[in-house]
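Chemist: Take a look at this one; I'll ask things after.
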Amino acid sequence: MDCTQIFIKAKNARRQLINLDDSEISRLLVHLADEAESNASFIITENEKDLVLMNKSDPRYDRLQLTPALIRGIADDIRTVSSLPTPFGKTLSVCVREDGLLIKKISVPFGVIGVIYEARPNVTFDVFSLCLKSGNVCILKGGSDAVHSNSAIVSIIKKVLRQFNINDEIITMLPPGREETEQLLKARRYIDLVIPRGSQELIDYVRRTAEVPLIETGAGICHTYFDEYGDKDMGRQIVNNAKTRRVSVCNALDCLIIHQSRLSDLAWITGLCADSGVIIYADEKAYKALEGRYPEKLLQQASQDSYGTEFLSFKMAVKTVSTFEEALNHIDEFGSRHSEAIISENIGRQTDFCRLTDAAAVYSNASTAFTDGAQFGLGAEIGISTQKLHARGPMALEALTSTKWIIHGNGHVRL
């Protein structure tokens, strides 16, 4: 399918979007949240058509599944976004030259944003609400695993747009084919920015293929370091939460690093994980510390491949270190610059870890499960950037704007 006309219509629609009043956008989003809840049974019915085609053991199943509670949560996030101040049209700086020339910098929308994602239908609502509030048109490329779910959601969004007499081409869902993805990634004349969300394989493909500027929302290979000064009861709760709260998301724990002086506490720290059926891949020292104290069927010897892996399932690696510096080195080598944590009662050690660890989100004595736009007060997120240019960490409204210089003169000419 040739997507050129779709891209042209999306680019043309951006002008109407920029002219919309923020109060009208907020009213529309509140109405959309209400429609999402009132159409929950329809959305879930369509979602079930996708679910029956996916094995329940697939880590993506959890991300794909929509429930009444999840839809209520999505609606609440949309309402939160509606209440936030618009991020564009802000005056960021003003300079008046001696000759009276006024130079002003303001925030502006990117224009047309393409988002590529896999089996995550909640992203459809999140992306649209954030793009609308920030004045951006969105072109969505969902995965074939969620085609029925995404189609249902987009139909609800377009219905609301028409009710508000707004061009419904400010949101477009492309067909799930690979050809359409490649066209999106190469449409430099029409697309201002591409944001991929999904597996490392997807991220790598987009990075290799894209001619459009992109913001990389990379895989989440997350570590928690239990320091020699860590509280074992706190560690037990944090490790369990970070690993088992929701195993299929990018902020889930993949590797527990433990100081060798605390190996006697390892069985206690991982005890709740055992209750959840977490398979542990332990190095030699950790294996010996867990042998006979962690369920045999859940304990395996680690290999080199156990580290640097985003498991997205009830699996976790354990690495023993002899020094704080060794823990930092392990994170540097195997981390994805997403979310990293330390459990320690030593304030200096906490400070050093937060200062020296290179990641978008760094925690002391807290679960990495909090790396999320809504949890950070952003309303929702369009992704979690692991790069350092433009945006880093959970990306929401502010990250969906660029800048423009406005210059006012009175017949000024440059000598």
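The values are calculated or read from the model by the stated rules, or taken from the named source; none is laboratory data. Since this is a predicted model, take the numbers as computed values, not measurements. Every residue, glycine among them, receives a Cβ derived from its backbone with ideal geometry; neighbour counts consider all protein chains shown.
Chemist: Consider the stretch 253-294. How many of its residues are touching a residue at least 40 places away in the same chain (Cβ under 8 Å) and among the acidic types (Asp, Glu)? Working first, answer last.
Modeler: Here is the first cut: in the stretch 253-294, the residues touching a residue at least 40 places away in the same chain (Cβ under 8 Å) are 253-260, 263, 266, 269-270, 273.
Retained after the next criterion (residues that are among the acidic types (Asp, Glu)): 254.
Residues that pass the stated criteria total 1.
Chemist: Would you confirm whether any residue within the stretch 366-375 is surrounded by fewer than 21 Cβ atoms within 10 Å (Cβ to Cβ), within 30 Å of residue 94 (Cβ to Cβ) and not assigned by TED's automatic domain parsing to the domain that holds residue 252? Talk me through it step by step, then tell me what you get.
Modeler: Step one: list which residues in the stretch 366-375 are surrounded by fewer than 21 Cβ atoms within 10 Å (Cβ to Cβ), which gives 366, 370, 372, 374-375.
Then keep just the ones that are within 30 Å of residue 94 (Cβ to Cβ); that gives none.
No; the residues of the stretch 366-375 include none that is surrounded by fewer than 21 Cβ atoms within 10 Å (Cβ to Cβ), within 30 Å of residue 94 (Cβ to Cβ) and not assigned by TED's automatic domain parsing to the domain that holds residue 252.
Chemist: Moving on. Considering only the stretch 338-352, I want to know if a residue exists there that is part of a strand (DSSP E or B) and closer than 30 Å to residue 109 by Cα.
Modeler: Taking the stretch 338-352 first, the residues part of a strand (DSSP E or B) are 339-343.
In the following step, the residues that additionally are closer than 30 Å to residue 109 by Cα were identified as 339.
Yes - at least one qualifying residue is present in the stretch 338-352.
Chemist: Out of 206, 212, 239, 194, report the one residue that is closer than 20 Å to residue 367 by Cβ and among the hydrophobic types (A, V, I, L, M, F, W, C).
Modeler: Numbers: 206 fails: closer than 20 Å to residue 367 by Cβ; 212 fails: closer than 20 Å to residue 367 by Cβ; 194 fails: closer than 20 Å to residue 367 by Cβ.
After applying the criteria, what remains is 239.
Chemist: Return the pairs, sorted by first residue and then second, in which the second residue is surrounded by fewer than 23 Cβ atoms within 10 Å (Cβ to Cβ) and polar (S, T, N, Q), the first residue lies in the stretch 381-400 and is over 21 Å from residue 85 (Cβ atoms), the beta carbons are less than 9 Å apart, and the residues are 6+ apart or on different chains.
Modeler: 384/251; 386/336
Chemist: Among the strands (runs of 3 or more DSSP E) confined wholly to the stretch 222-302, which include 2 or more residues that are within 30 Å of the chain's Cα centre (by Cα)? Walk me through it before giving the result.
Modeler: Working: elements: 222-226, 253-259, 279-282, 299-301.
Hits in the stretch 222-302: 222-226, 253-259, 279-282.
Chemist: Those residues that are within 21 Å of the chain's Cα centre (by Cα) and in a loop (DSSP other than H, G, I, E, B), I need them from the stretch 322-337; list them, please.
Modeler: Of everything in the stretch 322-337, those that are within 21 Å of the chain's Cα centre (by Cα) and in a loop (DSSP other than H, G, I, E, B) turn out to be 335, 336, 337.
Chemist: Exactly one of these conditions fails for residue 148: (1) outside the structural domain of residue 393 (by TED's automatic domain parsing); (2) surrounded by fewer than 24 Cβ atoms within 10 Å (Cβ to Cβ). Give me its number.
Modeler: With respect to (1) outside the structural domain of residue 393 (by TED's automatic domain parsing); (2) surrounded by fewer than 24 Cβ atoms within 10 Å (Cβ to Cβ), residue 148 is out only on (1).
Chemist: Could you grab me the full set of residues in the stretch 303-321 that are part of a strand (DSSP E or B) and not β-branched (Val, Ile, Thr)? Explain how you work it out, then say what you get.
Modeler: Of all residues in the stretch 303-321, those part of a strand (DSSP E or B) come to 315-321.
Selection gives 315, 316, 317, 319.
Chemist: Any residue that is surrounded by fewer than 23 Cβ atoms within 10 Å (Cβ to Cβ), assigned by TED's automatic domain parsing to the domain that holds residue 330 and of a type outside the set (Val, Ile, Thr) - is there at least one of those in the stretch 198-206?
Modeler: no
Chemist: Looking at the stretch 255-268 only, could you name the residues that are surrounded by 20 or more Cβ atoms within 10 Å (Cβ to Cβ) and polar (S, T, N, Q)?
Modeler: Answer for the stretch 255-268, where residues must be surrounded by 20 or more Cβ atoms within 10 Å (Cβ to Cβ) and polar (S, T, N, Q): there is none.
Chemist: Here's something else I'd like to know. Suppose the filter is more than 25 Å from the chain's Cα centre (by Cα), hydroxyl-bearing (Ser, Thr, Tyr) and modelled with pLDDT of 95 or more; does residue 357 pass it?
Modeler: Numbers: more than 25 Å from the chain's Cα centre (by Cα): no; hydroxyl-bearing (Ser, Thr, Tyr): yes; modelled with pLDDT of 95 or more: yes.
Spelling it out, it is not the case that residue 357 is more than 25 Å from the chain's Cα centre (by Cα), hydroxyl-bearing (Ser, Thr, Tyr) and modelled with pLDDT of 95 or more.
Chemist: Restricting to the stretch 269-304, name every residue that is surrounded by 14 or more Cβ atoms within 10 Å (Cβ to Cβ), small (Gly, Ala, Ser) and within 23 Å of residue 231 (Cα to Cα).
Modeler: Matches in the stretch 269-304: 271, 274, 282, 286, 289.
Residues are listed down the side, and each one gets a yes or a no for (1) in contact with a strand residue (DSSP E or B) (Cβ under 8 Å, 6 or more places away or on another chain); (2) free of Cβ contacts under 8 Å to residues at least 40 places away in the same chain; (3) crowded, with 21+ Cβ neighbours inside 10 Å:
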| position | (1), (2), (3) |
| --- | --- |
| 316 | yes, no, yes |
| 322 | yes, no, no |
| 326 | no, yes, no |
| 333 | no, yes, no |
| 346 | no, no, no |
| 355 | no, yes, no |
